[in-house]
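Here is the structure we will look at.
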Amino acid sequence: MTVLPIVTAPDPRLKIKSEPVEKITPEIQRFMDDMLETMYATGGIGLAAVQVGVHKRILVMDVDHGSSRYPDSQKGEHNPLFLINPEIVSESEEKNTYDEGCLSFPGQYAEVVRPKRVKVKYLDYNGKPQELEADELLATCVQHEIDHLNGVVFVDHISTLKRDIIMRKLKKKKKHES
Ligand code: NI
């Protein structure tokens, strides 16, 4: 397996809407394995294909292994989820707030309000239709990742002022690195 380079903001590729996967081939499965490896290597709890520059509707998540930032995610187990062509079919009225981060926004965090529970249908690693009932951190994570597939990032949910501050920091950081 390979750790893939992460696309970091600002980058126009993060704004592109991803295309549905037509057929789950061994190549797609290998790519999903690489995505998972990349997510673990970078300490994330979720990763969308667009974040490694591939505009296909594929996500990997594991909120049990996860990052030091989310105490809920430190069960120390590996429970990877592969979601192909995920779609939210219902969401709760009740909301939840998490201090969200993103592998494409290194070092940047902001509180985002989202539905507390969602039901998501998707195809799994083998192309079998599945349904996920997500609550708390898993619900936030899956909504954050599905956003990525639609070219939406977590800072699109916060005030313009806060977003501008984050984008300015990231632009500066990129300038320093290049
Ligand atoms: Ni993200």
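The values are calculated or read from the model by the stated rules, or taken from the named source; none is laboratory data. The model shown is predicted, which means the values in this text are computed figures rather than measured ones. No Cβ is skipped: glycine too gets one built from the backbone with ideal geometry, and neighbour counts run over all protein chains shown. Ligands, DNA and RNA are stripped out before the accessible areas are found, and what is left, the full protein with its side chains, is counted by its heavy atoms. Shrake-Rupley method; radii C 1.70, N 1.55, O 1.52, S 1.80 Å.
Here the scattering of the chain is modelled by Debye summation over its C-alpha atoms, one equal scatterer each and no solvent; at q = 0.14, 0.16, 0.19 Å⁻¹ the log10 of I(q)/I(0) is -0.73, -0.97, -1.39.
Here the contact order of region 12-177, divided by its residue count and restricted to Cα pairs under 8 Å and six or more residues apart, works out to 22 percent. Taking every DSSP helix (H) stretch of at least 4 residues in the chain, weighting each as -39,500 (n - 2.57) and dividing the sum by the residue count yields a mean residue ellipticity at 222 nm of -9000 deg cm²/dmol. Bridging of Lys116 to lysines at a Cα separation below 27 Å is possible for Lys15, Lys17, Lys56, Lys75, Lys95, Lys128, Lys162, once same-chain residues fewer than 8 apart are set aside. Volume of the convex hull of region 92-168 (Cα atoms only), normalised per residue: 101 Å³. Spin-label model, Gln130/Ser178: points 7 Å from Cα along the beta carbon direction are separated by 3.9 nm. With the whole protein complex present, Asp156 retains an accessible surface near 60 Å², based on a 1.4 Å probe. Carbon and sulfur atoms: what percent of the 1.4 Å accessible area of the chain do they account for? Roughly 50 percent of what the probe reaches on the chain is carbon or sulfur. Considering only Val153, Pro115, Ile166, and ranking their Cα positions along the charge dipole of region 53-178 that arises from unit charges at the beta-carbon of Lys, Arg, Asp and Glu, the one farthest toward the positive end is Ile166.
At a probe radius of 1.4 angstrom, the accessible area of region 12-177 per residue rounds to 52 square angstrom. May I ask for log10 I(q)/I(0) of region 128-178 at q = 0.14, 0.16, 0.20 Å⁻¹, from a Debye sum over the Cα atoms as equal point scatterers with solvent left out? For region 128-178 at q = 0.14, 0.16, 0.20 Å⁻¹, log10 I(q)/I(0) is -0.54, -0.65, -0.83.
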